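Enquirer: Following this message is one structure expressed as structure tokens.
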Amino acid sequence: MSPASRYTYLGPEGTFTEAALRTLPEAATRELVPMVSVPAALDAVRNGEAGGSLVPIENSVEGGVTATLDELATGRPLMIYREVLLPIAFALLVRPGTALEAVKTVTGHPVAQPQVRRWLAEHLPDAQWESAASNADGARLVREGRYDAAFAGEFAAATYGLEPLVTGIHDAENAATRFVLVGRPGRPAARTGADKTSVVLWLGDDHPGALLELLQEFAVRGVNLVRIESRPTGEGIGRYCFSVDAEGHISDRRVGEALMGLRRICPKVRFLGSYPRAGVEPSQTTPLRRGTTDDEFAEAADWLARCVDGRA
């Protein structure tokens with residue numbers, strides 16, 4: 001297959017990321033290639049070795065996936081074209097014949113630990129936790145005898161010759177992870193009426209109200225924010241950028257004008273894409289406030305033009 005027909009993902013085989021990727025219809029016609037890390041998966045796209053990459057970006061229990069947020073903010077530019085929401089429940093995978101009382105060491109991805117902490121305290125209070133590069137990699141380490149058990153998706157058991165000793169493990173009901181399909185920069189995904197726009201914003205200088213000034217660019221135009229998260233820039237203590245998800249599409253006048261306002265006051269704005277919101281229909285989006293529809297923006301612009309021409 002050509003590189004354009006290849007999708008990378010955070011591997012190895014058997015990860016929740018692979019499960020999320022396989023929910024996309026086009027995955028059936030793509031070569032799916034596991035990578036050892038989020039940076040490696042995204043670099044394959046940057047280098048033209050793959051047409052897209054699916055990586056985790058947010059977990060409903062643990063919050064943002066920092067490796068993805070930082071790569072999208074500071075690495076060579078990429079764009080988000082789609083998102084996937086995957087319900088998350090873990091299975092305790094063991095080598096065949098292993099009893100629960102024999103489990104003394106467990107492993108899994110660091111993001112998994114907060115999602116099973118209470119279950120561990122109740123059922124395996126003396127077990128020692130060691131982090132793995134991914135949940136599937138933890139399963140591989142169990143197969144190799146490095147650990148007694150791994151927290152991973154139940155679907156990974158067959159891949160690694162393990163048994164699901166306990167299934168449906170999660171401390172929080174309705175836990176989910178959000179994944180994004182990333183490609184090289186291009187035209188945003190088509191507007192659907194239930195969209196999300198992602199950007200990264202840098203503050204020009206640190207002063208009282210600096211963050212408020214950024215938020216006001218969205219607020220005065222009626223743009224609802226669904227996520228905002230600060231990340232260090234690496235330029236020193238107290239230097240942060242902000243990863244923001246907003247309702248709407250860049251082609252919506254309220255969103256486009258908010259981004260123009262931010263571009264005027266921020267030293268740097270990185271547009272990460274406008275794309276359909278997973279699991280949300282147009283009827284389920286936040287109702288627009290009076291004065292924030294495209295028609296109302298157009299009418300206001302026409303009124304201003306008539307004022308300038310002396311026709312008001």
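Enquirer: Per residue, how much accessible area does the chain have with a 1.4 Å probe, in Å²? Kindly include the intermediate steps, with their values, before the conclusion.
Expert: Values: 14990 Å² over 312 residues.
Each residue of the chain exposes 48 Å² on average to a 1.4 Å probe.
Enquirer: Sequence gap at least 6, Cα distance under 8 Å: using those rules, report the relative contact order of region 19-108 to the nearest whole percent. The partial results should precede the final answer.
Expert: Numbers: 37 pairs, mean separation 19.6, N = 90.
Reported as a whole number, the value is 22 percent.
Enquirer: Scan region 200-301 for GluC sites (Glu not before Pro) in coil per DSSP, keeping those whose Cβ has at most 11 other Cβ atoms within 10 Å, and list them by number. Show your work: numbers first, answer last.
Expert: Working: sites: E213, E217, E229, E235, E247, E257, E296, E299; in loops: E235.
Answer in residue order: E235.
Enquirer: With contacts defined as alpha carbon pairs under 8 Å and 6 or more residues apart, what's the relative contact order of the chain in percent? Each step should come with its number before you reach the end.
Expert: Details: 628 pairs, mean separation 61.6, N = 312.
For the chain, the relative contact order is 20 percent.
Enquirer: Using a Förster distance of 30 angstrom, determine the FRET efficiency expected from the C-beta separation of R191 and T74, and round it to 0.05. Don't skip to the answer; put the middle values down first.
Expert: Details: r = 28 Å, r/R0 = 0.94.
Calculated value: 0.60.
Enquirer: Carbon and sulfur atoms: what percent of the 1.4 Å accessible area of the chain do they account for?
Expert: Values: 7720 of 14990 Å².
With neighbouring chains kept in place, the figure for the chain is 52 percent.
Enquirer: Quickly estimate the mean residue ellipticity at 222 nm for the chain, helices only: each DSSP H run with n ≥ 4 gives -39500 (n - 2.57), and the total goes over all residues, rounded to 500.
Expert: Rounded to the nearest 500, it is -8000 deg cm²/dmol.
Enquirer: To the nearest 10 degrees, how steeply does helix 294-308 sit against the main Cα axis of the chain, on a 0 to 90 scale?
Expert: 30
Enquirer: Given points 7 Å out from each Cα along the Cα-Cβ axis, report the D126 to D171 separation in nanometres with one decimal.
Expert: That separation, rounded to one decimal, is 2.2 nm.
Enquirer: A further question on this structure: Compute the signed sum of charges (Lys and Arg +1, Asp and Glu -1) over the other residues within less than 12 Å, Cβ to Cβ, of V226.
Expert: On the way: positive: R178, K196, R227, R277; negative: E58, E83, D195, E229, D245, E247.
Charge balance near V226 sits at -2.
Enquirer: Oh, and also: Which whole-number percentage describes the relative contact order of region 1-150, with Cα contacts under 8 Å and a sequence gap of 6 or more?
Expert: Values: 215 pairs, mean separation 35.4, N = 150.
Once normalised by length, the contact order is 24 percent.
The values are calculated or read from the model by the stated rules, or taken from the named source; none is laboratory data. This structure is a prediction, so every number in the text was calculated from the model and none was measured. FYI the Cβ positions are ideal-geometry reconstructions off the backbone, even for glycines, and counts take in every protein chain you see. Calculation scope for accessible area: heavy atoms of the full protein, side chains included, ligands and nucleic acids excluded. Shrake-Rupley method; radii C 1.70, N 1.55, O 1.52, S 1.80 Å.
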